[in-house]
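The values are calculated or read from the model by the stated rules, or taken from the named source; none is laboratory data. All values reported here derive from a predicted model rather than from experimental measurement. Please note: Cβ atoms are built from the backbone with ideal geometry, for glycine as well, and neighbour counts cover all protein chains shown. For the accessible areas, the whole protein counts, side chains as well, though only heavy atoms, and no ligand, DNA or RNA atoms are used. Shrake-Rupley method; radii C 1.70, N 1.55, O 1.52, S 1.80 Å.
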Amino acid sequence: QVQLVESGGGLVQAGGSLRLSCAASARISNNGMGWFRQAPGKEREAVASLHWTGTSADYANSVKGRFTISRDNAKNTVYLHMNNLTPEDTAVYYCAATESFTTATNYKYWGQGTQVTVSS
């Protein structure tokens with residue numbers, strides 16, 4: 001079982017930057033990883049994903065060019081670097097992982113979430 005713990009959320013002003021971290025309890029070098037977010041009254045949406053091979057990443061159109069997903073396999077940690085934040089980015093952000101060696105987009109492991117609030 002892989003346990004995921006997000007950190008790095010907080011309150012920032014519009015235009016600011018923030019880096020979220022997702023610490024895994026086990027090796028995640030062979031797991032697909034993703035970041036999701038859910039704003040009040042809205043459905044959870046996929047923000048960014050990283051293929052288990054680390055060869056490709058995908059982003060929601062709303063964050064493309066502003067957010068970057070990356071991983072440090074030596075630290076069993078996945079990051080979401082967020083730039084040029086806007087109030088629309090305010091949400092609880094969740095880290096998730098697939099089973100190892102799979103291209104499936106159904107995520108099995110989830111963190112508890114970290115709050116990101118962007119003020120105007």
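Using only protein heavy atoms and a 1.4 Å probe, report how much of LYS108 is accessible, in Å² to the nearest 10.
110
Hey, how many Å between the Cα centroid of the stretch 104-120 and the Cα centroid of the stretch 61-98?
With the stretch 104-120 and the stretch 61-98 each reduced to a Cα centre, they are spaced 9 Å.
Among 91-99, 2-10, 61-69, what's the highest-first ranking by average C-beta atoms within 10 angstrom per residue?
Put in order of decreasing packing, that is 91-99, 2-10, 61-69.
Restricting everything to alpha-carbon atoms, can you work out Rg to Rh for the chain with a Kirkwood hydrodynamic radius?
0.95
Taking the Cα atoms of the stretch 1-70, report the difference between the largest and smallest coordinate on each principal axis, in whole Å and largest first.
Its Cα atoms span 34, 24, 23 Å along the three principal axes.
Over 5 Å intervals from 0, what percent of Cα-Cα pairs in the stretch 53-101 sits in each interval?
Calculated P(r), rounded to whole percents: 4, 14, 28, 27, 14, 10, 3, 0.
Counting pairs of alpha carbon atoms under 8 Å apart in space and at least six apart in sequence, what relative contact order in percent does the chain give?
About 36 percent, as a whole number.
7 Å from Cα along Cα→Cβ at both GLN112 and GLU99: what's the point-to-point distance in nm?
The modelled label-to-label distance comes out at 2.7 nm.
Under 10 Å, Cα contacts only: if you run a Gaussian network model on the chain, which one of SER17, SER100, SER56 comes out with the highest mean-square fluctuation?
Highest fluctuation among the options: SER56.
Among GLY41, GLY16, GLY54, determine the one that fluctuates most according to a GNM of the chain built with springs between C-alpha atoms less than 10 Å apart.
Per the Cα network of the chain with a 10 Å cutoff, GLY41 tops the list.
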